[in-house]
Amino acid sequence: MNKKVTAIATTATAAGAAVMMAVTPAVAAVTPGASTIIAKSSTPNSVKSSLAGDDSRGQRGCTNASYFLGRVTYNVGKVTATSVEIKSFDLELTGGKTTQIGGIHISRGTDGKQVWGVPYSIPKYVPNRSQTKRYTVNKVIPAGEARAKAIFLVVNFSTDMAASGEPVWCYGRGNFVFKVRPGTYTHNEPA
């Protein structure tokens, strides 16, 4: 019998998760990445990552629009000790500024080789609303239960400056790194 436990990573507390759906100042720090373990199973499943993001609200000179947050829902098939079948994933984004998504790619956990990607022509994220888009993958991707064997899903982005004179730490380029790997039970852990 598979134990299914969903835990929110310590860096994405309930207050941080609330930020995902409501455009309010962040109470808890968020990290640029999230790590998800999916229980070994032959049954299709959907698993949501913890919150990842870049949140500069409250820092000197930054506006209340200085944040960009995301999470992934993995839609998986068979998960073994050595691979994860990723059928698709839903990328949910929210933020306070127009943000260009600069491409997305997935790399194998065994050797880091890129096995899936979309080009740098994804439409911009438009602020003040949550946006979810499904990406079809349909690949069995080698991985392992050790942290060093996690699959990497990387989302590159470039956030616009909200106002002239805003400090560089309030906007700019970055990425979300979502890690996923097989395990004994389903849960999220700090990236």
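The values are calculated or read from the model by the stated rules, or taken from the named source; none is laboratory data. Predicted model only: the values in this text are computed from it and were never measured. Cβ coordinates were reconstructed from backbone atoms using ideal geometry, including for glycine residues, and neighbour counts include every protein chain displayed. For accessibility, only protein heavy atoms count, side chains too; no ligands or nucleic acids. Shrake-Rupley method; radii C 1.70, N 1.55, O 1.52, S 1.80 Å.
Just a few scattered comments:
- For the range 128-167 versus the range 60-104, the gap between their alpha-carbon centres in whole angstrom: 4
- Residue 157 - accessible surface, heavy atoms, 1.4 Å probe, Å² rounded to 10: 20
- Remark on residue 67: its backbone amide H falls under 5 Å from those of 56, 96, 97, a criterion applied only to residues 5 or more positions apart or on other chains, H modelled at 1.01 Å from N.
- Convex hull of the range 93-191 built on C-alpha atoms - directionally averaged projected area, nm²: 7.8
- Taking every C-alpha pair closer than 8 Å and separated by at least 6 residues, the mean separation divided by the residue count of the range 61-191 gives a relative contact order of 29 percent.
- Calculated FRET efficiency for the pair residue 46/residue 98, C-beta based, R₀ 45 Å, to 0.05: 0.95
- Length released on extending from residue 60 to residue 113, taking residue separation times 0.36 nm less the Cα-Cα span: 15.1 nm
- Computed on the range 129-185, with alpha-carbon pairs under 8 angstrom and 6+ residues apart, the relative contact order is 38 percent.
- Each Lys or Arg adds one and each Asp or Glu subtracts one; over the other residues with Cβ under 12 Å from the Cβ of residue 132, this totals +3.
- Backbone N under 16 Å from the residue 73 label point (7 Å along Cα→Cβ), restricted to the range 31-56: 44-52
- Residue 148-residue 88 FRET efficiency (beta carbon distance; Förster radius 25 Å; 0.05 resolution): 0.45
- Selection of trypsin sites (Lys or Arg not before Pro), the range 105-157, meeting DSSP coil and at most 16 other Cβ within 10 Å: 113, 124, 129
- Projecting label points 7 angstrom from Cα along Cα→Cβ for residue 80 and residue 185 puts them 2.5 nm apart.
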